[in-house]
1. Based solely on its DSSP helices, what 222 nm [θ] is calculated for the chain when runs of n ≥ 4 H residues each add -39,500 (n - 2.57) and the sum is averaged over all residues, nearest 500 deg cm²/dmol?
2. Please work out the FRET efficiency for the pair Ile79 and Leu210, using the Cβ-Cβ distance as r and a Förster radius of 22 Å; give the result to the nearest 0.05.
3. Name the residue farthest towards the positive end of the dipole of the chain from the options Leu594, Leu133, Val38, assuming +1 on Cβ of Lys and Arg, -1 on Cβ of Asp and Glu, about the Cα centre.
4. Quick one: what are the phi-derived ³J(HN,Hα) couplings along region 337-352, Karplus 6.51/-1.76/1.60 with θ = phi - 60°, whole Hz, x for glycine and proline?
5. Amide H to amide H under 5 Å from Ile169: which residues, 5+ apart in sequence or cross-chain, H placed 1.01 Å off N in plane?
6. Before I look further, what does region 390-444 give for accessible area per residue, probe 1.4 Å, in whole square angstrom?
7. Just going by the charge dipole of the chain, with Lys and Arg at +1 and Asp and Glu at -1 on Cβ, which of Leu475, Met83, Ile228 is farthest out on the positive end?
8. Show the residues, 5+ positions off or on another chain, whose built amide H is closer than 5 Å to the amide H of Val315.
Amino acid sequence: MEIVMKNSLRVALAVLFVWLMWNHEVKSQERFPWQVGVFGGISPTLGTYHGDTAQANLGYVGGFFADHYFGGGDFGAGIDVRMIQHPLWGGDSVLFRNGYTATTYHNAKRFQHMGLAVGPTYRFRTGKFELELFAKGGILFQQFPNYTRELVYETADVRGGMITQSVVIRRTANSADKALAWMGVGGLRLNYELARNLSVFVQGDYLSTLGTRFGGKPSEFFIEELPITQPLTEGHFVENPYEFFAEKLEIRRAFAQAVNIAAGIKYAFGKRRDSKPLVAPPPAEVVALKPKQEESKDIVVVVKDKQTGLALGGVKVTVEGAGIEHTTTTNAIGETERLVAVANGTYHVSGEKNGIEATIATITPVDFERAGQTIYKELLHDDPRFTLVGETVECETEQYMSGINTMLTNETTAANISQVSDVEGKFIFQLEQQSAYNVVANQSGKYSQTERVSTIGLDRSKTLYVTLKLGVCALERGTSWIVKNILYDFDKSDIRHDAALVLDNVVNVLRQNPTLRIELSSHTDSRGNDAYNLRLSQRRAEAAVDYLVSKGISRDRMVARGYGETRLINACANGMDCSEEDHEQNRRTEINVLSY
């Protein structure tokens, strides 16, 4: 099916190109030789790059281009620079009776590429619409994910007790995480002219790497994997992993290929070509002057933040006077919608956001007598607080999620407020100066990290917005996450005030999901005595569970487990020289979903 679609696309492009060549004599009246544009959109993956070999999922593309049309005509050449990112799909872990499969990622869990290509372009214009075809070739700078997936299982030791064993069942097999490749990209762009120099467009193109090597080095993505001979389920007890997997690793490869669908904006410039012959202008007509008549004008109001001068969206603006009262809200660039053909008169303009009034402006008949068809008025809004602009996104794909309940908690006062993200996944909170807050998603069937935002040390005269991307994941059996910002005093297991605020969010997750059962585990770094670290982590895990029980959560829904330094997430084991940041990664509290 995929081959048929690709061949059909090639045939359609070829027919369209021949038709455009046949109609080459059709010219537009005004042609600019230079153009630049920016674009962004989605990037669906194809072939083995999307399949089980590379497991590259739907991602996004963004970039810019610059073209020059020779003599202002229809043929030209240009450059295309773009960034493409594809997250990985597929499950990372499987639980079974005596073990699990787990994936360790050594870098980001995604493919990330940057392409640079040059090549010819052709354009055809009719009215305000313009169609462009392009085919370009160049270099793709590739960043591959690097991971290892292991089967971990426990078996009885002949000397008594249990022994933990592991087998690598899948891993990346690239000589380096970064690789260069030749690339080709071809597609078409449909433009619509908004103004003489400005157009919006949609475009679709097919991008693929070419060949298997670049500069003598491999340019494809490689994995090694033990083929599955029998599906492994939660009911199995593994004594010999080769009952479920082949004994020999197989190597598979994939090359990057995707269909990109994007939209953007384009600016054209340079000396225009006019296809019409030059004619002498007609003699000027002598018109008798008439007395100036009263005219109507359009009104646009712009609202800015007083302290930073930044444009301010979401301000409710009211224009009233001369028998009318009109209320609207400013957009992302701080402007109201245009009031068209407003009669000459006196009008009062006011604004309000978050309960704080903006300055007031007055429009008088003098404004109507000035040149221009539009009257612009500026209001200033002075809110001493910062604005948190957040976005709820799916934790794997980073696609925005709407309708997610978010909660903001002040770390000092413990006061909290909530807000549901809008259709674009956006949520907004006002933050006091010199304050710290926790933000978390709070919704049945979902969980998120507790993210910390702070205005401490920020200068309100230079900064208005604080941004946050809040990852939201689905609750499923076998999923786990690190609970951020749970800290303990040295050699202590008591729950501190700041840790209690974070655990309160865990309480909310458990209350909203009454069938949820979890393991709450505590981990230490490798410094200190191994046995002591194991005992300390167990005390800390039990203290956290005790706190949750004190908040009304049934103890039989939770298992406290201290792992000490037995599950380090980096190479900082005993005797290794590591930074404090590396050790801090290992000191963590995790939640694992046992059942849901």
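1. It lands at -4000 deg cm²/dmol.
2. With R0 = 22 Å, the Cβ-Cβ based efficiency is 0.75.
3. Working it through, the farthest residue towards the positive pole turns out to be Leu133.
4. Per-residue couplings from phi come out as 5, 6, 8, 9, 6, 7, 5, 4, x, 10, 9, 10, 10, 9, x, 8 Hz.
5. Arg149, Glu150, Leu151
6. Details: 2540 Å² over 55 residues.
I get 46 Å² per residue for this part.
7. Result: Met83, furthest along the dipole toward the positive end.
8. Residues meeting the criterion, in which the H sits 1.01 Å from N, are Thr330.
The values are calculated or read from the model by the stated rules, or taken from the named source; none is laboratory data. Nothing here was measured: the structure is a model prediction, and the numbers come from that model. Note that each Cβ is placed from the backbone with ideal geometry, even for glycine, and that neighbours are counted across all protein chains shown. What goes into the accessible areas is simple: the full protein's heavy atoms, side chains included, and nothing from ligands, DNA or RNA. Shrake-Rupley method; radii C 1.70, N 1.55, O 1.52, S 1.80 Å.
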